[in-house]
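Data first, discussion second: the structure below is written as structure tokens.
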Amino acid sequence: MYVVIEGIDTAGKSTQLEILAKKYNNAVFTKEPGGTPIGSKLRQMVLTGEANSKLAEMFLFLADRAEHIQEVVLKNKDKIVISDRSMISGIAYAQNLPLKTVIDLNLISTNNVLPSHVILLKLSKQELENRLSQKEHDSIEARGIDYLIDIQNRMEKTIKELNLNYIFIDASLSIEKISKDIEDFLNE
Ligand SMILES: Nc1ncnc2c1ncn2[C@@H]1O[C@H](COP(=O)(O)OP(=O)(O)O)[C@@H](O)[C@H]1O
Ligand SMILES: Cc1cn([C@H]2C[C@H](O)[C@@H](COP(=O)(O)OP(=O)(O)O)O2)c(=O)[nH]c1=O
């Protein structure tokens, strides 16, 4: 089982992952970017905005993803792997290229491995504004509200386009209700 939790910044991914970690104590918890030793270095580069070229930035994420799929997802394929973000973020955040092109690049990076379960936490514009006003921004979050809402739409489109097994959850529901919906989805 390869479960991914997706959503734009502040959607509540970390909050739900903390709850999942208590319920699934035999699962492997991981993240993109940064789930491997090379990935930690790549993560540092992307989050501090070292790359001036958007294309270079996307290739850093793709390198992280290729290593992560090989070293974490495939090496634990007999276990439950639960990942904070995935190729869905990779496709959605690479906004400057057509969806089809980025999907192809991402499928190369994952060797065609797809998640078996996708959880997308969806925020309204108003709730996103609320949450972003309460935290310090990294260089990607600093790109603004409309940018992130566009990314969220692209995430939805990507999940449908790839025909994945998914649940979309309203991220402004209570933490408990979201966690129950996630548990039901994983137990289906
Ligand atoms: N269901 C929820 N309702 C209200 N606030 C939430 C909810 N889930 C998370 N939060 C709050 O929103 C902020 C962002 O949550 P976080 O889990 O860090 O998001 P992400 O990991 O997606 O960036 C945190 O301050 C968190 O406490
Ligand atoms: C996985 C991935 C993430 N991103 C972005 C989304 C986030 O802004 C950032 C990763 O940060 P993240 O680890 O999700 O940080 P936070 O805890 O602040 O949510 O990188 C991409 O642009 N492309 C990608 O392929």
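The values are calculated or read from the model by the stated rules, or taken from the named source; none is laboratory data. Everything quoted here is computed from the prediction, not taken from an experiment. Here the Cβ positions follow ideal geometry from the backbone for every residue, glycine too, while neighbour counts run over all protein chains shown. Side chains included, ligands, DNA and RNA excluded: accessible areas come from the protein's heavy atoms. Shrake-Rupley method; radii C 1.70, N 1.55, O 1.52, S 1.80 Å.
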Q. Can you name the residue in the stretch 10-44 that is away from ligand 2 (no atom under 11 Å from the Cβ) and aliphatic (A, V, I, L, M) and is also most open to solvent (accessible area, probe 1.4 Å) among such residues?
A. Ile38
Q. Can you name the residue in the stretch 15-59 that is touching a Gly at 6+ places or on another chain (Cβ under 7 Å) and within 16 Å of ligand 1 (Cβ to nearest atom) and is also farthest from Ile178 (Cα to Cα) among such residues?
A. Arg43
Q. Considering the stretch 150-170 alone, what residues qualify as being outside any helix (DSSP H, G or I) and among the charged types (D, E, K, R)?
A. Asp170
(Q) For the structure I just gave you, tell me whether Arg85 is within 16 Å of ligand 1 (Cβ to nearest atom), in contact with a helix residue (DSSP H, G or I) (Cβ under 8 Å, 6 or more places away or on another chain) and at positive phi. (A) yes
Q) Does Lys77 count as loosely packed, with under 13 Cβ neighbours inside 10 Å and at negative phi? A) yes
Q | Search result, residues across the stretch 145-188 that are polar (S, T, N, Q), closer than 23 Å to Ser116 by Cβ and open to solvent by 80 Å² or more (accessible area, probe 1.4 Å) | A | Asn163, Asn187
(Q) Being within 15 Å of ligand 2 (Cβ to nearest atom), more than 19 Å from Ile151 (Cβ to Cβ) and small (Gly, Ala, Ser): is that true of Gly7 here? (A) no
